[in-house]
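**Student:** The structure that follows is given in the form of structure tokens.
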Amino acid sequence: TAEINRVKALLLRYRIRPAEKNLFGKTAKWLDSQIISGAIKPLLQQSLDHIRELKEKQKQTDALIEKQAKENKAAVLLQTIPGVGWFTAYLVTASIDGVERFGSPEQLVSYAGLAPRVFQSGDTRHSGHISKTGRAELRWALGQCAWIAIRKQNRFRKKYMKVKRKHGKKKAITA
């Protein structure tokens, strides 16, 4: 993102208006076809080469993670859940490092930081927001899966809508 912003800043500084909105998409050839001269050309070329190199490394990394996810039995099983793709499945299995580590589902929920905070004094007990003390990337991945699941599966959407009416969308997606 920093490199893309650098290219956009260079173009803006030299008052070059792009013909396309997405300069770096799959079909974006606009920058390559422009005749740009002066001091901006080597800077722009260096940034564009760096962006291409980063995209290539990202493709290689994605391919490696996908291969490892397909070889991991737990990740393959997780992909049968609506909304869970190979990346998320591998992230969850790598974060959890074996579900047998946890004595109960509640311990796994706490590890992910999705358990509600409990405030208790004597006989009075209040549940608050989620604790967020666990793995942030695990919470993020599960949240993304939940959004996909409510779009794709009617039973998840119904539960989401029911909770959303009463508690709002952030609590509903976490539920």
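The values are calculated or read from the model by the stated rules, or taken from the named source; none is laboratory data. Remember, it's a predicted structure, so these values are computed and weren't measured experimentally. Here the Cβ is made from the backbone with ideal geometry for all residues, glycine too, and neighbour counts use every protein chain on show. Surface accessibility is based on the protein's heavy atoms, side chains included, excluding ligands, DNA and RNA. Shrake-Rupley method; radii C 1.70, N 1.55, O 1.52, S 1.80 Å.
**Student:** Determine whether region 74-82 contains at least one residue that is more than 21 Å from the chain's Cα centre (by Cα) and open to solvent by 70 Å² or more (accessible area, probe 1.4 Å).
**Tutor:** Of region 74-82, the ones more than 21 Å from the chain's Cα centre (by Cα) are none.
No, the conditions are met nowhere in region 74-82.
**Student:** So which residues in region 135-170 are within 30 Å of Gly98 (Cβ to Cβ), β-branched (Val, Ile, Thr) and open to solvent by less than 40 Å² (accessible area, probe 1.4 Å), if there are any at all?
**Tutor:** If the condition is that a residue be within 30 Å of Gly98 (Cβ to Cβ), β-branched (Val, Ile, Thr) and open to solvent by less than 40 Å² (accessible area, probe 1.4 Å), then Ile150 is the only one that fits.
**Student:** Separate question: Which numbered condition in (1) more than 29 Å from Thr61 (Cα to Cα); (2) in contact with a Gly (Cβ under 7 Å, 6 or more places away or on another chain); (3) in a helix (DSSP H, G or I); (4) among the basic types (Lys, Arg) is the only one that Arg139 fails?
**Tutor:** (1)
**Student:** Oh, and also: Within region 2-19, can you find the residues that are outside any helix (DSSP H, G or I) and either open to solvent by 100 Å² or more (accessible area, probe 1.4 Å) or modelled with pLDDT of 80 or more (or both)?
**Tutor:** Scanning region 2-19 gives Tyr14, Arg15, Arg17.
**Student:** A follow-up question, please. Would you tally the residues in region 76-94 being assigned to a helix (DSSP H, G or I) and closer than 22 Å to Ile150 by Cβ? Break it down stepwise before answering.
**Tutor:** First, pick out the residues of region 76-94 that are assigned to a helix (DSSP H, G or I): 76-78, 86-94.
Filter again for closer than 22 Å to Ile150 by Cβ, leaving 77-78, 86-89, 91-92.
So the answer is 8.
**Student:** Please determine whether any residue of region 138-147 is over 20 Å from the mean Cα position of the chain (by Cα) and modelled with pLDDT of 80 or more. It would help to see each step written out before you state the result.
**Tutor:** Going through region 138-147, the residues over 20 Å from the mean Cα position of the chain (by Cα) turn out to be none.
No.
**Student:** Sticking with this structure for a sec: Regarding Ile173, is this residue more than 20 Å from Gln68 (Cβ to Cβ), part of a helix (DSSP H, G or I) and touching a helix residue (DSSP H, G or I) at 6+ places or on another chain (Cβ under 7 Å)?
**Tutor:** Values: more than 20 Å from Gln68 (Cβ to Cβ): yes; part of a helix (DSSP H, G or I): yes; touching a helix residue (DSSP H, G or I) at 6+ places or on another chain (Cβ under 7 Å): yes.
When the stated conditions are applied, Ile173 passes them.
**Student:** Being under 30 Å from Gly143 (Cβ atoms) and modelled with pLDDT of 75 or more narrows it down to one residue among Gly83, Gly25; which is it? Walk me through how you get there before you give the answer.
**Tutor:** On the way: Gly25 fails: modelled with pLDDT of 75 or more.
Result of the check over Gly83, Gly25: Gly83.
**Student:** Can you find even one residue in region 107-130 that is open to solvent by 70 Å² or more (accessible area, probe 1.4 Å) and modelled with pLDDT of 85 or more?
**Tutor:** Within region 107-130, one or more residues are open to solvent by 70 Å² or more (accessible area, probe 1.4 Å) and modelled with pLDDT of 85 or more.
**Student:** Do we have any residue at all in region 50-62 that's open to solvent by less than 40 Å² (accessible area, probe 1.4 Å) and not in a helix (DSSP H, G or I)? Talk me through it step by step, then tell me what you get.
**Tutor:** Keep residues of region 50-62 that are open to solvent by less than 40 Å² (accessible area, probe 1.4 Å), which gives 51.
This time we only want the ones that are not in a helix (DSSP H, G or I), so: none.
Checking region 50-62: not a single residue is open to solvent by less than 40 Å² (accessible area, probe 1.4 Å) and not in a helix (DSSP H, G or I).
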